[in-house]
Structures are given as structure tokens and as C-alpha cells.
Amino acid sequence: QVQLVESGGGLVQPGGSLKLSCAASGITFSFYDMAWYRQALGKQRELVASITRDRVTNYADYVKGRFTISRDDARKMEYLEMNSLKPEDTAVYYCKAHWGSLDYWGPGTQVTVSS
């Protein structure tokens, strides 16, 4: 059974930092390209950052220089380090695993940036 579980979300003040984690099970993690998406209330889900199985990374313009995506294949983990957080970063953050025609999603973790 494939399972992706995000953790690390919470409430943080503007300018603060959070590190999200995604734990994968039931897949050969090293085969998969991984990504973080987010969905703010009333908005569509959007790509935040991605990392291929070869560790090629890609970031949305609005997080470049602030967020860092990484992966640990031995632990089957994906991470998103978020710095200089802004209120507009408030959203549910989702982990996604992609390989060929297969896509798996986690249930999401809430990140709220507010003073």
C-alpha cells in the first residue's frame, strides 16, 4: 500500500521558517520524481518545487531563494525548507510522487503564516 505522509506544518510569524517532511512507504522511492504543491483557500493547487530522481530541482518563481527542496532516498523522505515566510505562503502543502503514469499524493499539512 502506497502512503505519503506530510509533517512539519504549523503557525509561524512572517519572516519565520518551517521545514516540511514527507515520508513515503510502499514505493521504490528512488525511482520517483518528487514534488511539493500547495493550495490556498479558494485557489487552485500549484507547484511549489520539484526534485527529480537525479536531483534536478525546479522552483516556482515566488519561492526561489526562499525555499529549498531535498530528498533522502535511503530514508524515503522528501523535504521542503521554507525561509522568509510570507502571509501569502499560507496554504495546505502536499507531497507528490511521480513515476511514469503513476502519481501519488499525501493528505497535506497546513502552513499558516500570520502575526
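Before moving on, here are some points about what is shown:
- Meets criteria (open to solvent by 60 Å² or more (accessible area, probe 1.4 Å) and touching a helix residue (DSSP H, G or I) at 6+ places or on another chain (Cβ under 8 Å)) for ARG53: yes
- Residues of segment 3-49 satisfying the condition of being of a type in the set (Phe, Trp, Tyr), open to solvent by less than 20 Å² (accessible area, probe 1.4 Å) and either at pLDDT below 95 or in a strand (DSSP E or B) (or both): TRP36
- All positions within segment 1-49 that are β-branched (Val, Ile, Thr) and either under 15 Å from TYR79 (Cα atoms) or without any contact (Cβ under 8 Å) to a residue 60 or more places away in the chain (or both): VAL5, THR28, VAL48
- ARG71 vs. criteria surrounded by 20 or more Cβ atoms within 10 Å (Cβ to Cβ) and touching a Lys or Arg at 6+ places or on another chain (Cβ under 8 Å): yes
- So LYS76, is it basic (Lys, Arg), open to solvent by 60 Å² or more (accessible area, probe 1.4 Å) and touching a helix residue (DSSP H, G or I) at 6+ places or on another chain (Cβ under 7 Å): yes
The values are calculated or read from the model by the stated rules, or taken from the named source; none is laboratory data. If you're wondering where the values come from, they're calculated on a predicted model, not measured in any experiment. Don't worry about glycine lacking a Cβ; one is built from the backbone with ideal geometry, like all the others, and counts go over all protein chains shown. When the accessible area is computed, the model is the full protein with side chains, heavy atoms only, and any ligands, DNA or RNA have been set aside. Shrake-Rupley method; radii C 1.70, N 1.55, O 1.52, S 1.80 Å.
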